[in-house]
Amino acid sequence: MNFNRASEKLQILADAAKYDVSCASSGGNRKNTNKGLGDSKANGICHSFTEDGRCVSLLKILLTNHCIYDCAFCVSRKSNDIQRAAFTVEEVVELTINFYRRNYIEGLFLSSGIFKNADYTMERLLRIVKKLRLEERFNGYIHLKTIPGASEELIQEAGLYADRMSINLEMPTEAGLKTVAPEKSHEDVKKPLHFVNQHIQAYNSDRKLVLSTPKFVPAGQSTQMVVGATPESDLEIMATADQFYKAYNLKRVYYSGYVPIRQDSLLPSIGTPPPMVRENRLYQTDWLMRFYGFRVDEILDDTHPNLDPEIDPKLSWALRNLHVFPVDINTADYQLILRVPGIGVGSAKKIIAARQFGKLRTYQLQNLGIAYNRAKYFVRCADSPFASKDWQATQIRHFILSSSQHKRQSPQQLTLF
């Protein structure tokens, strides 16, 4: 391998890969066998995080930034005047193994532009993962992009070697996608997602009967939506995410704030800041849906189609539903306690466990690690006054925002003079 040329390609193709944020590494448990290299025990040079909170490193690259499509939002679109490059199958394999041996990475995140056609590209991605697994005996984590339009035979074989597969939905709605990428369709994404999901279930079912059944995409599937490039509301974005979670058993939906890369009447102008706060609120909403039992229509509706940028979606819901509160911390069930602003999953479990030994008072609740300055407006403890103050939603919002702003302000530098 020509290392100077490979280094040049790496700089180009790693930079092009940075716009794909769906590179988590949770869910894999591929063990090292027969003195191979590495393992992916529930983990995934991008930094990613496992389900238990550990930070891991992945070599995140494109196979190529050549592409036959001309999507307006994409830096690799065919009409963009950028430096192009493409790795060979052998170069990607060598880079992965060499980086791993030097302890730079723990796995590989491999995506690609589409050159020639979908099958041509998918076949090369398959050759890379197959060579890593069978010839190099690499047992580290591999996240592989599914190429829309590729044959089912190629996708199925790739699923036997990858830990996770993903395919990007791009825009939240079909109308938005057609505006900026008229050659693409959501149907091109749904078909492979459905195919892989069906095979995951089939392989898991077979493994219950035959232990030697190979694993198929053991870390599941994910997808990504670009936020802010087209005018969808937060309600439309989260409704699409909810639909895809239910239909295809996705592990994650990722939300990527659009970074303007070209002057185009269809897109936000150059210099428009990425919607970072909005992206964060969408992730918080996603979390509430997956771990807190909230439905999309509880958080967003036609009256409130967009998330509040100033407060998190859980607090926003609570302020619109004050009739639910205060929650008696000593009698409420787990699901209701989860809905109290300032109380997370871990704290709710601690509350349920602690109250078995007696009624909880305010100081005990504070010791459990909840955000009490936020939760105090929504809970009742054993020592709470019988008649609590009848705060209005606007007042509670003001108190909490004022408290948050006070905490963010850095203390004034002390001086001796």
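Tell me the residue from Leu144, Leu154 that is closer than 26 Å to His66 by Cβ, assigned to a strand (DSSP E or B) and assigned by TED's automatic domain parsing to the domain that holds Ser22, please. Outline the logic, then answer.
Details: Leu154 fails: assigned to a strand (DSSP E or B).
Leu144 is the lone residue from the list that is closer than 26 Å to His66 by Cβ, assigned to a strand (DSSP E or B) and assigned by TED's automatic domain parsing to the domain that holds Ser22.
Selection of region 355-370 for residues being under 23 Å from Ile396 (Cα atoms) and open to solvent by less than 50 Å² (accessible area, probe 1.4 Å) yields Thr362, Leu365, Leu368, Ile370. Does Arg408 satisfy being at pLDDT 95 or above and basic (Lys, Arg)? Against the criterion (at pLDDT 95 or above and basic (Lys, Arg)), Arg408 does not qualify.
Taken over region 292-309, the residue count meeting the criterion of being among the β-branched types (Val, Ile, Thr) and open to solvent by 50 Å² or more (accessible area, probe 1.4 Å) is 1.
Taking (1) open to solvent by 10 Å² or more (accessible area, probe 1.4 Å); (2) in a loop (DSSP other than H, G, I, E, B) in turn, Pro172 satisfies each apart from (1).
State which residue is nearest to Asp188 (Cα to Cα) when the search covers only region 101-118 and only residues that are more than 26 Å from the chain's Cα centre (by Cα) and open to solvent by 60 Å² or more (accessible area, probe 1.4 Å). Walk me through how you get there before you give the answer.
Residues of region 101-118 that are more than 26 Å from the chain's Cα centre (by Cα), as a first pass: 101-102, 115-117.
Right, trim to open to solvent by 60 Å² or more (accessible area, probe 1.4 Å) and you get 101-102, 116-117.
On the way: Arg101: 38, Arg102: 39, Lys116: 17, Asn117: 14 Å.
For region 101-118, the residue satisfying everything is Asn117.
Checked against (1) within 18 Å of Arg397 (Cα to Cα); (2) open to solvent by 60 Å² or more (accessible area, probe 1.4 Å), Phe325 meets all criteria but (2).
Within region 248-255, does at least one residue satisfy the condition of being out of contact with any Ser or Thr (no Cβ under 9 Å at 6 or more places or on another chain) and of a type in the set (D, E, K, R)? Even if it seems obvious, please write down each step before you answer.
Here is the first cut: in region 248-255, the residues out of contact with any Ser or Thr (no Cβ under 9 Å at 6 or more places or on another chain) are 249, 255.
Then keep just the ones that are of a type in the set (D, E, K, R); that gives none.
Checked against the condition, which is being out of contact with any Ser or Thr (no Cβ under 9 Å at 6 or more places or on another chain) and of a type in the set (D, E, K, R), region 248-255 yields no hits at all.
Can you confirm whether region 120-137 contains a residue that is touching a Cys at 6+ places or on another chain (Cβ under 9 Å) and either crowded, with 16+ Cβ neighbours inside 10 Å or not assigned by TED's automatic domain parsing to the domain that holds Thr213 (or both)? So far as region 120-137 goes, no, none of its residues is touching a Cys at 6+ places or on another chain (Cβ under 9 Å) and either crowded, with 16+ Cβ neighbours inside 10 Å or not assigned by TED's automatic domain parsing to the domain that holds Thr213 (or both). Listed here are the helices (runs of 4 or more DSSP H) enclosed by region 177-291 that have at least 1 residues being outside the structural domain of Ala16 (by TED's automatic domain parsing) and buried (at least 20 other Cβ atoms within 10 Å of the Cβ): 234-248, 276-291.
As a summary of the residue check, His66 satisfies the conditions (1) at pLDDT 95 or above; (2) closer than 20 Å to Asp15 by Cα; (3) not in a loop (DSSP other than H, G, I, E, B) except for the one numbered (3).
Quick one: which of Leu134, Leu125 is assigned to a helix (DSSP H, G or I), under 16 Å from Leu58 (Cβ atoms) and either at pLDDT below 95 or hydrophobic (A, V, I, L, M, F, W, C) (or both)?
Values: Leu134 fails: under 16 Å from Leu58 (Cβ atoms).
One residue alone meets the criteria, Leu125.
The values are calculated or read from the model by the stated rules, or taken from the named source; none is laboratory data. Keep in mind that this is a model prediction, so the values were computed, not measured. Methodologically, a virtual Cβ is constructed for each residue, glycine included, from the backbone with ideal geometry; neighbour enumeration extends over all protein chains shown. What goes into the accessible areas is simple: the full protein's heavy atoms, side chains included, and nothing from ligands, DNA or RNA. Shrake-Rupley method; radii C 1.70, N 1.55, O 1.52, S 1.80 Å.
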